[in-house]
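Novice: Please see the structure below; I have some questions.
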Amino acid sequence: EPEVTQTPSHQVTQMGQEVILRCVPISNHLYFYWYRQILGQKVEFLVSFYNNEISEKSEIFDDQFSVERPDGSNFTLKIRSTKLEDSAMYFCASDREEGYNEQFFGPGTRLTVL
Amino acid sequence: GESVGLHLPTLSVQEGDNSIINCAYSNSASDYFIWYKQESGKGPQFIIDIRSNMDKRQGQRVTVLLNKTVKHLSLQIAATQPGDSAVYFCAERRNNQGGKLIFGQGTELSVKP
């Protein structure tokens with residue numbers, strides 16, 4: 001069964017450093033998302049991406065965040081200058097289409113900012 | 001403010017019993033709802049979904065009920081098994097707001113053998 005994959009599974013970084021989280025969505029999917037989950041809290045939407053551009057972003061997704069689909073398979077989330085409060089699980093998700101269908105989630109990357 | 005939330009943070013059931021997990025939502029524009037299961041250290045896993053033009057949908061051992069009058073969603077798990085132990089989230093998509101999901105707080109289900 002096709003699945004969304006994410007690397008690394010765990011990233012530890014110093015405050016102020018840049019991190020890039022990587023995702024490989026399901027191959028025939030067209031819509032891509034990043035969510036985050038602070039420990040013990042609910043999953044929060046960050047950004048959606050379609051046709052090589054951002055379709056929607058939340059207020060969390062400020063100018064320290066960026067997303068990119070550098071080739072036909074990868075989808076990345078970059079945090080330019082990490083803060084302590086960026087520590088969370090980051091989930092990538094993908095969809096065949098918008099609307100009434102399942103959104104598939106990856107296993108997540110645990111980001112720890114020291 | 002608008003939110004999707006859960007009534008109870010934890011639920012403990014005996015193996016073999018039925019489980020009911022509840023969710024309240026506040027935006028009547030929401031037209032699609034999904035239940036996800038999240039096991040420790042893993043990403044959310046789709047369980048079942050329902051559109052707002054339905055009030056009940058059944059899957060394998062799971063049933064989702066939607067009551068639009070009181071903006072309430074529930075997930076029923078029949079014959080709960082130890083493998084059902086996880087955190088369960090309801091999520092909504094709002095009409096004309098693209099594909100993003102709005103998640104509730106989550107209920108931790110614990111199944112006692």
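Novice: Taking the criterion of being within 14 Å of chain B (Cβ to nearest Cβ) and open to solvent by 70 Å² or more (accessible area, probe 1.4 Å), would at least one residue in the stretch A:65-78 satisfy it?
Specialist: Checked against the condition, which is being within 14 Å of chain B (Cβ to nearest Cβ) and open to solvent by 70 Å² or more (accessible area, probe 1.4 Å), the stretch A:65-78 yields no hits at all.
Novice: Looking at the stretch B:40-49, which of the residues that are surrounded by 18 or more Cβ atoms within 10 Å (Cβ to Cβ) and not in a loop (DSSP other than H, G, I, E, B) is nearest to the other protein chains (Cβ to nearest Cβ)?
Specialist: Of the residues in the stretch B:40-49, the ones surrounded by 18 or more Cβ atoms within 10 Å (Cβ to Cβ) are B:43-44, B:47-49.
Narrowing the set further to residues that are not in a loop (DSSP other than H, G, I, E, B) leaves B:47-49.
Details: B:Ile47: 10, B:Ile48: 10, B:Asp49: 7 Å.
Filtering the stretch B:40-49 for residues that are surrounded by 18 or more Cβ atoms within 10 Å (Cβ to Cβ) and not in a loop (DSSP other than H, G, I, E, B), the one nearest to the other protein chains (Cβ to nearest Cβ) comes out as B:Asp49.
Novice: Looking only at residues that are open to solvent by 70 Å² or more (accessible area, probe 1.4 Å) and not in a loop (DSSP other than H, G, I, E, B) in the stretch A:42-53, which one is farthest from B:Gly41 (Cα to Cα)?
Specialist: Going through the qualifying residues, I end up with A:Glu53.
Novice: Being surrounded by 15 or more Cβ atoms within 10 Å (Cβ to Cβ), within 14 Å of another protein chain (Cβ to nearest Cβ), part of a strand (DSSP E or B) and of a type outside the set (A, V, I, L, M) is the requirement here; does B:Lys37 meet it?
Specialist: Considered against the rule, which asks whether it is surrounded by 15 or more Cβ atoms within 10 Å (Cβ to Cβ), within 14 Å of another protein chain (Cβ to nearest Cβ), part of a strand (DSSP E or B) and of a type outside the set (A, V, I, L, M), B:Lys37 comes out as yes.
Novice: Select from the stretch A:43-75 the residues that are hydroxyl-bearing (Ser, Thr, Tyr), out of contact with any Gly (no Cβ under 7 Å at 6 or more places or on another chain) and within 20 Å of A:Ile26 (Cβ to Cβ) and list them in ascending order.
Specialist: We begin by selecting, within the stretch A:43-75, every residue hydroxyl-bearing (Ser, Thr, Tyr); these are A:48, A:50, A:55, A:58, A:66, A:73.
With the extra rule that they be out of contact with any Gly (no Cβ under 7 Å at 6 or more places or on another chain), the set shrinks to A:50, A:58, A:66, A:73.
Residues satisfying the conditions are A:Tyr50, A:Ser73.
Novice: Continuing with this model, one more query. On the given criteria, is A:Val43 over 12 Å from A:Ser94 (Cβ atoms) and either of a type in the set (Val, Ile, Thr) or at pLDDT 95 or above (or both)?
Specialist: The answer is yes for A:Val43.
Novice: Sticking with this one: Mind counting the residues in the stretch A:80-112 that are more than 12 Å from B:Phe46 (Cα to Cα), open to solvent by less than 50 Å² (accessible area, probe 1.4 Å) and not in a loop (DSSP other than H, G, I, E, B)?
Specialist: Residues meeting the conditions: 11.
Novice: Please work out which one of (1) within 18 Å of A:Val43 (Cβ to Cβ); (2) at pLDDT 95 or above is the condition B:Glu92 fails and give its number.
Specialist: Among (1) within 18 Å of A:Val43 (Cβ to Cβ); (2) at pLDDT 95 or above, B:Glu92 violates only (2).
Novice: While we're on this one: Take the conditions more than 14 Å from chain B (Cβ to nearest Cβ) and under 15 Å from the mean Cα position of the chain (by Cα) and apply them to A:Phe49. Does it pass?
Specialist: Judged against the criteria, A:Phe49 is not a match.
Novice: Condition first: part of a loop (DSSP other than H, G, I, E, B), closer than 20 Å to B:Gly41 by Cβ and open to solvent by 20 Å² or more (accessible area, probe 1.4 Å). Now tell me which residues in the stretch A:1-41 satisfy that.
Specialist: A:Glu1, A:Glu3, A:Pro8, A:Ser9, A:Ile38, A:Leu39, A:Gly40, A:Gln41
Novice: Looking only at the stretch B:15-34, count every residue that is under 17 Å from B:Gly83 (Cβ atoms), open to solvent by 30 Å² or more (accessible area, probe 1.4 Å) and either in a strand (DSSP E or B) or of a type in the set (S, T, N, Q) (or both) and tell me the total.
Specialist: Within the stretch B:15-34, residues that are under 17 Å from B:Gly83 (Cβ atoms), open to solvent by 30 Å² or more (accessible area, probe 1.4 Å) and either in a strand (DSSP E or B) or of a type in the set (S, T, N, Q) (or both) number 1.
Novice: Only one of B:Gly99, B:Gly83 is within 14 Å of another protein chain (Cβ to nearest Cβ) and outside any strand (DSSP E or B); which? Show your work before the answer.
Specialist: On the way: B:Gly83 fails: within 14 Å of another protein chain (Cβ to nearest Cβ).
The conditions single out B:Gly99.
Residue by residue, here is whether (1) within 15 Å of B:Ala29 (Cα to Cα); (2) within 10 Å of chain A (Cβ to nearest Cβ); (3) surrounded by fewer than 22 Cβ atoms within 10 Å (Cβ to Cβ) holds:
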{"residue": "B:Arg57", "(1), (2), (3)": "no, no, yes"}
{"residue": "B:Lys68", "(1), (2), (3)": "yes, no, yes"}
{"residue": "B:Tyr88", "(1), (2), (3)": "no, no, no"}
{"residue": "B:Gln105", "(1), (2), (3)": "no, yes, yes"}
{"residue": "B:Lys112", "(1), (2), (3)": "no, no, yes"}
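Novice: Now a separate question. Out of B:Ser12, B:Ser52, which single residue is open to solvent by 50 Å² or more (accessible area, probe 1.4 Å) and small (Gly, Ala, Ser)? If you could, list the steps in order and put the result at the bottom.
Specialist: Numbers: B:Ser52 fails: open to solvent by 50 Å² or more (accessible area, probe 1.4 Å).
Going through B:Ser12, B:Ser52 in turn, the sole match is B:Ser12.
Novice: Okay, moving on. Regarding B:Glu92, is this residue within 12 Å of chain A (Cβ to nearest Cβ), part of a strand (DSSP E or B) and open to solvent by 40 Å² or more (accessible area, probe 1.4 Å)?
Specialist: Spelling it out, it is not the case that B:Glu92 is within 12 Å of chain A (Cβ to nearest Cβ), part of a strand (DSSP E or B) and open to solvent by 40 Å² or more (accessible area, probe 1.4 Å).
The values are calculated or read from the model by the stated rules, or taken from the named source; none is laboratory data. The structure presented is a predicted model; accordingly, all values stated were derived computationally and were not measured. Heads up, the Cβs are rebuilt from the backbone with ideal geometry, glycines too, and the neighbour counts pull from every protein chain shown. The area values use the complete protein model at the heavy-atom level, side chains included, leaving out ligands, DNA and RNA. Shrake-Rupley method; radii C 1.70, N 1.55, O 1.52, S 1.80 Å.
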